[in-house]
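The values are calculated or read from the model by the stated rules, or taken from the named source; none is laboratory data. Since we're looking at a predicted model, the values are computed, not measured. All Cβ positions, glycine included, derive from the backbone under ideal geometry; neighbour counts span all protein chains shown. For the accessible areas, the whole protein counts, side chains as well, though only heavy atoms, and no ligand, DNA or RNA atoms are used. Shrake-Rupley method; radii C 1.70, N 1.55, O 1.52, S 1.80 Å.
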Amino acid sequence: MRKMAVLAAGVFSLVLASACAPPPPQPSDEKVVTDAYMTAYTWFDNTPPGSLEISNPVLHAKAGGTGTYEDPVTIAVGHSLETGKDVLDIPAGTRIYVPNVRRYFIVEDTCGDGPTPENKPCHSRAKAQDGASIWVDLWIGGEGGTKSSTRRCARKVTTVGTAVFNPRPDYAVASGGGVIHGGKCDTGYGNELLTK
């Protein structure tokens, strides 16, 4: 009888431990790129200038977002018209996390105007920027601010650094809506991936 009680207690402990254990990690298509060339575009230099227009809306009708996983900021990527169809380098709706600004972004716009955007820097010249593997253009806003302060912020954001494609939802997000908010250019956090 005693052996049965000990055995039953051991099985119960094993079942209890299994029920309390965290679930095993799920496979993810998250991809950390450490050599992404990141530039910034603003209300002043959008196409058309002085607008919030975007070419491939997914979550937003106009450029915007706060930077959380649920409300990522618009980001532009290179594209090509070589085939007669507009093909984005990264599919519209792809989320990207940028630790240097501690915000999530979503592909909703294109970088490179005119009839041959495939010849423009965002599509074809990433390698020329310190050997970067990809070029992305972060929406930082600027409407209501001065052109000079917005350009200064754009220069601060421009760097080769880490970007996480298809990121998980628990990375640290800085407070405030968007990269420029409350008169502040919110950047300079570095490339370390911190969770909430």
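Other residues within the sphere of radius under 10 Å centred on the Cβ of Ala163, judged by their own Cβ, net out at 0 (K and R +1, D and E -1).
Please report, as a whole percent, how much of the solvent-accessible surface of the chain comes from carbon and sulfur atoms (probe radius 1.4 Å). Spell out each step's value before the answer.
Details: 6100 of 10710 Å².
The value for the chain is 57 percent carbon and sulfur by accessible area.
Multiplying the residue separation of Thr66 and Val32 by 0.36 nm and removing their Cα-Cα distance gives an extension gain of 10.1 nm. Within the shell defined by Cβ-Cβ distances under 10 Å, the residues around Thr39 carry a net charge of 0, with Lys and Arg each +1 and Asp and Glu each -1. Under a Cβ-Cβ cut-off of 10 Å, what is the net charge of the residues other than Ala126 that fall near it, where Lys and Arg count +1 and Asp and Glu count -1? My count for the surroundings of Ala126 gives -1. Its relative contact order, with pairs defined as Cα atoms under 8 Å and 6+ residues apart, puts the range 42-196 at 27 percent. The long axis of helix 147-157 is offset from the longest Cα principal axis of the chain by roughly 40 degrees. Remark: the range 63-196 carries a charge dipole of roughly 520 debye about the Cα centre, counting +1 on each Lys and Arg Cβ and -1 on each Asp and Glu Cβ. In degrees from 0 to 90, rounded to the nearest 10, what is the angle of the helix 2-20 Cα long axis to the longest principal axis of the chain? Compared with the principal axis, the helix lies near 10 degrees.
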